[in-house]
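The structure appears right after this line, and notes come after that.
The values are calculated or read from the model by the stated rules, or taken from the named source; none is laboratory data. Computed from a predicted model, the values in this text were never measured in an experiment. Every residue, glycine as well, gets a Cβ built from its backbone with ideal geometry; the counts of neighbours run over all protein chains shown. Surface areas here come from the heavy atoms of the whole protein model, side chains and all, with no ligands, DNA or RNA. Shrake-Rupley method; radii C 1.70, N 1.55, O 1.52, S 1.80 Å.
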Amino acid sequence: TPAGEIYVNTARQILNLKKDAYSQIQDLKESGNRRISLGLIPERGVNMFTAIYPEFHRKFPDVIVSPNELSVHKQQELISRGELDIGFMTLSEDHKTGDTYIPIATEEIYLVIPGSHPLSSLAPKNGHAALDISAVRNEPFVLMYKESTIRSLVDGIFAQAGFKPTVLFETSNNNTILTMIQSNLCCGLLPAYYIQDNPGGITCFQLPTRPVWEVVASYRKGSYLTQAARYFIELTKEHWNP
């Protein structure tokens, strides 16, 4: 009921205020039972966490960290309700909500084609040549699913090139995109993270427009970030910007 919605929303605000107050009090203590809940995007989130956590634990050994692999949209939902302290996510500007976003890095999106494709001969041995995506307009593509935060960016790339791609497959996993390209089945668009180790069987090109999206840390607007939470974010920045 409308009255029930008012009651629940007010109760949630009270609980969030209580949580912020306790967090500030705990920051005044040398030790105590402190906890941080983190949202991590699937696939690469766990790699980031395992790289960062040992150093974090050395500085804050008494802080209990609860990592959760969640989609960007689910993280945003839990953050707005005060059920997730920090979310680490990748998105473009049009997917941001009214929460607070801390920039960590920008990441370029690349056109990736099978290594056996005739256009692979245009790629230099070192670095990445630029190639307009319209050069592969007749090829099938594997894309991230429509609800993903990268899909609107990808759809914009095709719209700007003036064509709709033939979509062979949609997935929720960027590694699936990489595997299908390596299997000579299709072309795709991938963030730099997935090609940084030069996986075999593919050729990567920069797009002339150099599209990028953001890697960010997000938390509920107006909420209190503990010293431990701020330190975890700083370690994340160092991880993405070595």
- Message: Can you confirm whether residue 39 is open to solvent by less than 20 Å² (accessible area, probe 1.4 Å), not aliphatic (A, V, I, L, M) and not in a strand (DSSP E or B)?
- Response: no
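Kindly indicate whether any position in region 160-167 is farther than 20 Å from residue 198 by Cα, free of Cβ contacts under 8 Å to residues at least 24 places away in the same chain and open to solvent by less than 30 Å² (accessible area, probe 1.4 Å).
For region 160-167, residues farther than 20 Å from residue 198 by Cα, free of Cβ contacts under 8 Å to residues at least 24 places away in the same chain and open to solvent by less than 30 Å² (accessible area, probe 1.4 Å): absent.
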- Confirm whether residue 132 is open to solvent by 60 Å² or more (accessible area, probe 1.4 Å), within 22 Å of residue 161 (Cα to Cα) and at pLDDT below 95. no
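Go through the residues of region 59-73 one by one and say whether even a single one is open to solvent by less than 30 Å² (accessible area, probe 1.4 Å) and part of a loop (DSSP other than H, G, I, E, B).
For region 59-73, residues open to solvent by less than 30 Å² (accessible area, probe 1.4 Å) and part of a loop (DSSP other than H, G, I, E, B): present.
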- Message: For region 175-192: of the residues being small (Gly, Ala, Ser) and farther than 15 Å from residue 145 by Cβ, which is most open to solvent (accessible area, probe 1.4 Å)?
- Response: 183
- Neighbours by Cβ (under 6 Å, 6+ apart or cross-chain): first from region 199-212, aliphatic (A, V, I, L, M); second open to solvent by 20 Å² or more (accessible area, probe 1.4 Å) and part of a strand (DSSP E or B): 212/106; 212/108
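Specify which of the listed residues (226, 203) is in contact with a Gly (Cβ under 8 Å, 6 or more places away or on another chain) and either closer than 30 Å to residue 166 by Cβ or surrounded by fewer than 22 Cβ atoms within 10 Å (Cβ to Cβ) (or both).
203
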- Message: Checking the condition modelled with pLDDT of 95 or more and in a helix (DSSP H, G or I), which residue from 154, 167, 215 passes?
- Response: 154
- Task: With respect to residue 94, determine if the residue is touching a helix residue (DSSP H, G or I) at 6+ places or on another chain (Cβ under 9 Å), open to solvent by 60 Å² or more (accessible area, probe 1.4 Å), under 26 Å from residue 171 (Cα atoms) and at pLDDT 95 or above.
- Result: no
- Query: Does residue 141 satisfy the condition of being open to solvent by less than 10 Å² (accessible area, probe 1.4 Å), over 24 Å from residue 103 (Cβ atoms) and not β-branched (Val, Ile, Thr)?
  - Reply: yes
- State which residue is nearest to residue 155 (Cα to Cα) when the search covers only region 97-110 and only residues that are part of a loop (DSSP other than H, G, I, E, B) and open to solvent by 40 Å² or more (accessible area, probe 1.4 Å). 97
